Every structure is written in structure tokens, then in C-alpha cells.
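Q: Submitted below is the structure of interest, expressed as C-alpha cells.
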Amino acid sequence: MTLFRRFCRTFRVNPWLARMLIVFATSGGGVLAFSDVKSENGMTFDSSEADSKKKKVVVLGTGWAGISFLKNLKNPSYDVQVISPRNYFAFTPLLPSVTCGTVEPRSIAEPVRNIVRKKNVNIHYWEAECFKIDAENKKIYCRSHIAGNLNEKEEIVVDYDYLVIAIGARANTFNIPGVAENCHFLKELEDAQKIRRTVIDCFERASLPNLSDDERKRILHFVVVGGGPTGVEFAAELHDYVNEDLVRLYPKVKEAVKITLLEATDHILNMFDKRITAFAEEKFQRDGIDVKTGAMVVKVSEKEISTKEVKDGGGISTMPYGMVVWSTGIGTHPVIMDFMKQIGQGNRRALATDEWLRVEGCDSIYALGDCSTINQRRVMEDIWVIFRKADKDNSGTLTIKEFQEVLDDLCERYPQVALYLKNKHMRTLVDLLKDSKGDAVKESVEVNLEEFKSALSQVDSQMKNLPATAQVAAQQGSYLADCFNRMEECERNPEGPLRFRGEGRHRFRPFRYKHLGQFAPLGGEQTAAQLPGDWVSIGHSTQWLWYSVYASKLVSWRTRALVISDWTRRFIFGRDSSGI
């Protein structure tokens, strides 16, 4: 196979050899001659000419969305250029485990070049950072992100035919004084490593003999801001780390350790089922983790953090701390903010895309993951054109039978219709029209435009933005790659829903997020899971489900083996407390 590959590579690099090659077949005495490949009009071309005809796709970012797109892209008719300041993919759900030595950083990182090198698609990677997007001229401007590079200020200009923006989001400080200067964030692998070193440094400083008790308690007071999954998991990991490992190494300071979790709303884990929220709060109370809900951070100084009580009169309280981890909210990268102003979306927090993930107003630019949000079209905006499309006989009224014929396309184009029918336990439009026409609704009954509007007036209330999670980003990347794989086929035979505004059908079916469940590790080898079908599971058995699911989602067998070995090491020898 190696000899065959070298043989083929030689002829790809030197096309003129193909013109001189004459192979004598030994069987039958036949002669086989190879010449230039000809197109239908008789013109000759070589591989370099074919490469020049490939569409140039530029992918910004190597997070969940970008990597999912690259992994699922199979059409070799694209020339793909990946640009990102991070030359690896990080399995972010395990970042809290890295902060406490449960998992090593290298175990959850997979080099981008390892991911793309085995693909048949022509994919290149540059370690650089995009600082400007020129949509009008289809160019992006980048700078090298390699430390010590003498040309790091020199601009790299890249042309594209299609641009895929998947650079994620940054931590949102909400412009609160002192957050950026004094808090740790938990978005990147470097953040987790920095937190790990800081935790050990706090224990080492607290062990020095020349400190007062109050100063020792301040240094060992760890504050977590944000009661979402990341903040809760980090607080649980830190609690286990302290009580299972660090107290044996630092026995004299164990009584001074305190962990506080601050949440501005009424409960932690608001996006989970109420049973999970109640269990998590009760468990943290038993474990000694101080959960303060309704506490909004207003200022962070070098040694103190100030909070405002949301309900009780808005009083301000201050507490000393040794380390603060900020894990609440996501913000927009500067390059995305500039791009949004350029295309008239300057008043938004994220790039607005249509249901096919195209940036609104830019047909050749797509946005995935945390940097974007889908601007789902409302039914009431198109109510007249929907009515007219269904009214095939132009009678000015619709029978139930007429409208039922476009129902499938309506539900596919406007998913809130299907969701509304499901939530109201309605099977057909007959059920939907009963409120306005009474119980005796039949297929022959006709409704006018006003009655039609009345029946669908509450449908748009079911519209919700997708959560900024790795699960959403990965599904978006896979969906867009599938669209690119079948671009030419769907141009000829559109498979999407009916175009209510216009003729024909859309090329592709719109993106639909399928929720596969979510986990919330709560420490003490206990995890809460909320799975499809309103199934809630809490306890030790769910922890093993969490282990198996996360291990299966890792990129390669190398990372799976490393993470499993880290978990095994932790069970046998405990967590790594070196802080390296």
C-alpha cells in the first residue's frame, strides 16, 4: 500500500509523466495507454486545474461547532482552510475535573491536525486569530497567534467562497467593576490549569506560620459565581478535592476552608427539573457548601467581593475571599461585534441566523455555536401568504382539508406550530379550530382569514432560543456539514419545506435541535440527569452513566484511554495535588 501511494503521489505531483506512460498488459498481449483526462468539450485539465475549481471554505474556530463540521464534512469538492488561535479541540464538559486534578489537561485535548489528517477532504490549518471580516469583498483578516513570532503583527488576508463562523463566546463580566482583573474564568483549558495552580497556592499560603486566623480563613474562602451546570460542578469538584485529598496534605488548615456559591436568581440549576434543583440545594447544604441565592455581584476588589440582595431591600454585603471563579453568562467576541455593526446587527448580543444557519443578509456566511442565535421566523409574519398558499381555489376561505395539505410543510418551516399542538395535546388542526368554531368542526367547514389568524394567534408563544451548550453547537456543525455534503444534489432536487414566500421548495430542511438530555455532577460520586421523556435520575448509578456517556463522546480512542486512566488513577491514588 505504501508503494502504491508513493506511485500515485508521483503522478499527482508530476502530471506530465502520465502523458509518457505506456503499460503493456501481459495477459492477452494488449496495450493500455494513459493520456490526459478530457472534459465533455474536449479540453484537457490536470489535478491543479481541478483544485482551482474547488469552492474555498474558511472555518473560524476549533470548538464544538467547528470540529463537528470538520469531522462530518465528506464532500471532496471543497478546499477547507481552518483558522483558530487554538490548535486543539478541548472537551469542555470535563474542564471542572481538570481544575482539581481529577483529569489531566492533555487527556481532554485533541490536536486539530490529528482530527483532519485522515479525511479525504482537503483541509489545512493555520494557528492565527481573525480580527476582521469583510463580507462585501469575501475576505477575512488574521494575525499569527504564535508567541514570539516576529511577523505576528503582519496581516494575513484570506479569500473565501463560504465562511463558517464558529469562534464561540467569551466570559461576560456584565461590566461589573473588578471582575476582569480579580476573577478566574472557566472557558478554556488554560483557565482550568490556572485555577488548579491557584487552589494549591491558596493552601500553601494558608500553611505559612506568620498568618492570623482571619487572614487564613480569607485565603481559604473559595467563591463560585453562577449557579449553572459549570458553577455547580466546579463547586462539587472542589468540595471533593478538599475533603478527600487536600485535608490529608494540609491537616492544620482544614477547619478554615469554606466554599460559597452565589446565584442571582432564586435557585441553582434553573434549567433543570425542580426535583434536581431541590436535591442539589439540599446536598450542598449537607456538604457544607454555602449556597446564597438572590445575591447579585456588584463589585470585586482584590480581597473582597460585594453582593446585592435582590429581594431583601437591595442591601449590600461584603465578604473576604481567597479565590473567585466567575462562571455566569457569555459575551460576544470583539470581531463578532464589529461584524454585526457592519451588517446592521449592532444592537444584538449574538449573530442572527436563519433556520439554515446562514447569517441574515449574508448568503455565503454561516454562524454556529455560542456566537450566534437562530432568528426563528414567526407564523404571524407570514399568516397572509400561508393562507393564500393553502387557498388553492382562491375562494377567500379555507376548508380544514385544504389547510391540512400544507400542514407538514407548515410544521417543518415553523416548528412552533408542532410544539404548540403537542403541548396542547392536539392531534390535528380540527382540534386547533374548535375554540373558534365550536366542537362540531368537520373537514367541510370553511374559515376565513380572521378566523385563521385567531386559531394561530398563540402559536408563536412557543418560540424559545436554543441554549448555549456544547450539544447544540455539535448538532449545528453536523447539520451544516450534511448540507455542504449534498449542496449540488439539493440544488437540483430541493428537499426542504414549501416556500410560502416564493415558489418551489427550500434546498434543505431547516435545522432542528434534538435534546438528548443533560447531566449535573453534584460531587460525592452522585450525578443528576434529566433525559428525554421527562426522565429524572439522581444518585450513584447516574454517575456511572455520566462516566460512560462522556467517555463515548471524546474525540479519539487516545483521549478516551487517557481519561479512563485518569479516573482509575483517582480511584486508586487520589487526585494530583502538585498544582502543575
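The values are calculated or read from the model by the stated rules, or taken from the named source; none is laboratory data. Computed from a predicted model, the values in this text were never measured in an experiment. Please note: Cβ atoms are built from the backbone with ideal geometry, for glycine as well, and neighbour counts cover all protein chains shown. With ligands, DNA and RNA removed, areas are computed over all heavy atoms of the protein, side chains included. Shrake-Rupley method; radii C 1.70, N 1.55, O 1.52, S 1.80 Å.
Q: Taking 41 Å as R0, compute the FRET efficiency from the Cβ-Cβ separation of S317 and R248 and round it to 0.05. Write out the running numbers ahead of the final one.
A: Details: r = 34 Å, r/R0 = 0.82.
Plugging the Cβ-Cβ distance into 1/(1 + (r/R0)^6) gives 0.75.
Q: Hey, any idea what % of the chain's accessible area is carbon plus sulfur with a 1.4 Å probe? Mind showing how you got there, number by number?
A: Numbers: 15370 of 30390 Å².
Whole-percent figure for carbon plus sulfur exposure: 51.
Q: Rounded, prolate or oblate: which fits the chain, taking a ≥ b ≥ c as square roots of the Cα gyration tensor eigenvalues, rounded meaning a/c under 1.5, else prolate when a/b beats b/c?
A: Oblate is the answer for the chain, as a/c is 1.5 or above yet b/c matches or exceeds a/b.
Q: Give the long-range amide H neighbours of F185: residues separated by 5 or more places, or on another chain, with amide H under 5 Å away, using H modelled in the peptide plane at 1.01 Å from N.
A: W326
Q: Still on this structure, please answer the following. Assuming a ≥ b ≥ c are the square roots of the Cα gyration tensor eigenvalues, decide whether region 90-221 counts as rounded (a/c under 1.5), prolate (otherwise, with a/b larger than b/c) or oblate.
A: In terms of gyration-tensor shape, prolate.
Q: Using θ = phi - 60° and the Karplus form 6.51 cos²θ - 1.76 cosθ + 1.60, what ³J(HN,Hα) does each residue of region 132-137 get, whole Hz, x for Gly and Pro?
A: Running phi through 6.51 cos²θ - 1.76 cosθ + 1.60 with θ = phi - 60° gives 7, 10, 10, 5, 5, 9 Hz.
Q: Right, something else. What nm distance separates the two modelled labels at K274 and A551, each placed 7 Å from Cα along Cα→Cβ?
A: Label at K274, label at A551, 3.7 nm between them.
Q: Starting from the Cα of V536, step 7 Å along the direction of its Cβ; do the same at D393; then give the gap between the two resulting points in nm.
A: In this crude spin-label approximation the distance works out to 5.2 nm.
Q: Restricting to Cα pairs below 8 Å that are 6+ residues apart, what does the relative contact order work out to for the chain? Please round to a whole percent.
A: The normalised contact order for the chain reaches 16 percent.
Q: Nearest-5 percent of antiparallel DSSP beta bridges in the chain?
A: Among the beta bridges of the chain, antiparallel pairing accounts for roughly 55 percent.
Q: Take the Cβ-Cβ distance between K56 and F571 as r, set R0 to 41 Å, and report the resulting FRET efficiency rounded to the nearest 0.05.
A: 0.25
Q: Hey, another quick one. Leaving out ligands, DNA and RNA but keeping every protein chain, what accessible area does S212 have, in Å² rounded to the nearest 10, with a 1.4 Å probe?
A: Its accessible surface works out to 60 Å², give or take rounding.
Q: Can you list the residues, at least 5 places off or on another chain, whose amide H is less than 5 Å from the amide H of N122, using H built in the peptide plane?
A: Here Y78, V80 satisfy the definition.
Q: Give, rounded to the nearest 20 debye, the magnitude of the charge dipole that region 232-360 has about its Cα centre when Lys and Arg contribute +1 at Cβ and Asp and Glu contribute -1 at Cβ.
A: It comes to approximately 300 debye.
Q: Sum -39500 (n - 2.57) across every DSSP H segment of at least 4 residues in the chain, then divide by the residue count to get the 222 nm mean residue ellipticity, nearest 500.
A: -10000 deg cm²/dmol
Q: Given H placed 1.01 Å from N in the peptide plane, which residues other than close sequence neighbours of I146 have an amide H under 5 Å from its amide H?
A: none
Q: On to the next question. Using unit Cβ charges (K, R positive; D, E negative) and no other charged atoms, how large, in debye to the nearest 20, is the dipole of the chain about its Cα centre?
A: It works out to roughly 1380 debye.
Q: Any of K254/K303; K217/K311; K118/K553; K283/K514; K138/K341 with alpha carbons more than 26 Å apart? Name them for me.
A: Numbers: K254/K303 20 Å; K217/K311 28 Å; K118/K553 19 Å; K283/K514 30 Å; K138/K341 16 Å.
From the list (K254/K303; K217/K311; K118/K553; K283/K514; K138/K341), the Cα-Cα distance tops 26 Å for K217/K311; K283/K514.
Q: Could you give the accessible area per residue of region 470-580, probe 1.4 Å, as a whole number in Å²? Don't jump to the answer; show the numbers that get you there.
A: Details: 5580 Å² over 111 residues.
That works out to 50 Å² for each residue.
Q: What spacing in nm lies between the two simple spin-label points modelled at R560 and E446, each 7 Å away from Cα in the Cβ direction?
A: Between R560 and E446, the simple spin-label model gives 6.2 nm.
Q: Also: Can you give me the C-alpha center-to-center distance between region 511-552 and region 171-200, rounded to a whole angstrom?
A: What the calculation gives is 27 Å, centre to centre.
Q: Just how large is the dipole of region 167-252 about the Cα centre, in debye to the nearest 20, putting +1 at every Lys and Arg Cβ and -1 at every Asp and Glu Cβ? If you can, show how the numbers build up before the last one.
A: On the way: 11 positive and 14 negative charges, 30 e Å.
Around 140 debye, computed over region 167-252.
Q: Label region 503-580 by shape, choosing from rounded, prolate and oblate, from the square roots a ≥ b ≥ c of the eigenvalues of the Cα gyration tensor; if a/c is under 1.5 it is rounded, and otherwise prolate applies when a/b is larger than b/c, oblate when it is not.
A: Judged from the Cα gyration tensor, region 503-580 comes out oblate (a/c at least 1.5, b/c at or above a/b).
Q: While we're looking at this one, here's another question. Using r as the Cβ-Cβ distance of H267 and F131, and R0 as 41 Å, what FRET efficiency do you calculate, to the nearest 0.05?
A: It comes out at approximately 0.55.
Q: Find how much the distance from S207 to E154 grows on full extension, using 0.36 nm per residue of separation minus their present alpha carbon separation; answer in nm with one decimal.
A: Value of the extension gain: 14.3 nm.
Q: Per residue, how large is the accessible surface of region 167-218? Use a 1.4 angstrom probe and give square angstrom.
A: On the way: 2890 Å² over 52 residues.
In whole numbers, region 167-218 has 56 Å² accessible per residue.
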